[in-house]
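The values are calculated or read from the model by the stated rules, or taken from the named source; none is laboratory data. All values reported here derive from a predicted model rather than from experimental measurement. Because the Cβ atoms are built from the backbone with ideal geometry, glycine has one as well, and the counts that use them run over all protein chains shown. SASA here: full protein model, heavy atoms, side chains in, ligands and nucleic acids out. Shrake-Rupley method; radii C 1.70, N 1.55, O 1.52, S 1.80 Å.
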Amino acid sequence: MLDYHLHLWEHRPGPVEATLEQVAAYCERATEAGVQEVALTEHLSRFRQADRVLKGWWEDDPSPALADAMRRAWDDEVGADLDEYVEVALAAKAEGLPVVLGMEVDHYAGRMDVVGELLAGYPFDVLLGSVHWIGSWGLDNGFDPVMVAEWDHRSIESVWDAYTEALEELAASGACDVLAHPDLCKIMGHRPAVPDEWHDRMAEAAARCGLAAEVSSAGLRKPVGEAYPAPALLARFAAAGVPFTTASDAHRLDQVAECRDELRDLLATVGCTTLQAYRGRTPRTVALG
Ligand SMILES: [Zn+2]
Ligand SMILES: [Zn+2]
């Protein structure tokens, strides 16, 4: 079992410092839970180095209210130092802790070349690709009333369509190795009656671009109350030969390795007995355990 999606900081303003002690505590909890390796995958958007080259991307959105909400969310959370984060992860690896250096790469429409240039300067083991935004609308933002209310102004089908289009662009960008929480568009519990066409496109994007798909317990903590991906999408990934990682998407210590048994049971439904781990963005197959 892997926990290949871990954050050091919660989604709120506050200190954003990486320490070896925190990484060691994450590793200890994971090991106790039977997880053989973890990946640190903090959001790219939290780092000052990303702020320098991407700040203001939300101004492309035709809605001033949404753009302003995204600016607020961004400014609240940015501030970490990417060099320090990388140094701490490398130090943890050097000490023999079962951790690899990763990043959760948010999707920046039309700006993935800038993202790729920034990331190329660092020795990442694994990069997760995540669509959290459609334009400047944070579809998974359950805090800001402007973001939450936007669900009332769009049809579920149009949201799933725009989400899937962004996921296809992100997959093709080469900026990531794993599709994180692949059907995040269901987060608030809004699902089309027949989601097959979107599931097909998500699975095709992963297969076409040689990406793995993340099986994540995070959805169990959200309004949808279901792991990512949905069973029907999981089956499509498996049928397309897409490998899997497992993940908690923890944002604090007590969530590390959360729900690993549920994820193992889910993978058993598609006969999956191996996972994909990474070193230097090169995949290797490991036993599910
Ligand atoms: Zn995410
Ligand atoms: Zn995450």
*Which numbered condition trips up residue 103, out of (1) in contact with a strand residue (DSSP E or B) (Cβ under 6 Å, 6 or more places away or on another chain); (2) in a helix (DSSP H, G or I); (3) within 15 Å of ligand 1 (Cβ to nearest atom)?*
(2)
*asked:* Looking at the range 165-177, can you tell me whether even one residue there is farther than 24 Å from residue 136 by Cα and open to solvent by 20 Å² or more (accessible area, probe 1.4 Å)?
replied: no
*Does the range 38-59 hold any residues that are exposed (fewer than 14 other Cβ atoms within 10 Å of the Cβ) and within 27 Å of residue 124 (Cβ to Cβ), and which are they?*
52, 53, 56
*Would you be able to say whether some residue in the range 60-67 is open to solvent by less than 30 Å² (accessible area, probe 1.4 Å) and either free of Cβ contacts under 8 Å to residues at least 60 places away in the same chain or within 16 Å of ligand 2 (Cβ to nearest atom) (or both)?*
no
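Take residue 165 and decide whether it is away from ligand 1 (no atom under 13 Å from the Cβ), under 19 Å from the mean Cα position of the chain (by Cα) and free of Cβ contacts under 8 Å to residues at least 12 places away in the same chain.
Details: away from ligand 1 (no atom under 13 Å from the Cβ): yes; under 19 Å from the mean Cα position of the chain (by Cα): yes; free of Cβ contacts under 8 Å to residues at least 12 places away in the same chain: yes.
Criteria met by residue 165.
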*Condition met for residue 82 (within 16 Å of ligand 1 (Cβ to nearest atom) and open to solvent by less than 10 Å² (accessible area, probe 1.4 Å))*: no
*Inside the range 258-275, can you point out the residues that are within 14 Å of residue 220 (Cα to Cα) and either touching an Asp or Glu at 6+ places or on another chain (Cβ under 9 Å) or surrounded by 19 or more Cβ atoms within 10 Å (Cβ to Cβ) (or both)?*
258, 259, 260, 263, 266
*Sort through 213, 227, 203 and tell me the only one that's at pLDDT 95 or above, open to solvent by less than 50 Å² (accessible area, probe 1.4 Å) and away from ligand 2 (no atom under 16 Å from the Cβ).*
203
*asked:* Looking only at the range 135-157, filter to residues that are among the charged types (D, E, K, R), touching a residue at least 24 places away in the same chain (Cβ under 8 Å) and not in a loop (DSSP other than H, G, I, E, B); which one of those is surrounded by the fewest Cβ atoms within 10 Å (Cβ to Cβ)?
replied: 157
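In this structure, does residue 282 turn out to be within 23 Å of residue 39 (Cα to Cα) and open to solvent by 70 Å² or more (accessible area, probe 1.4 Å)?
yes
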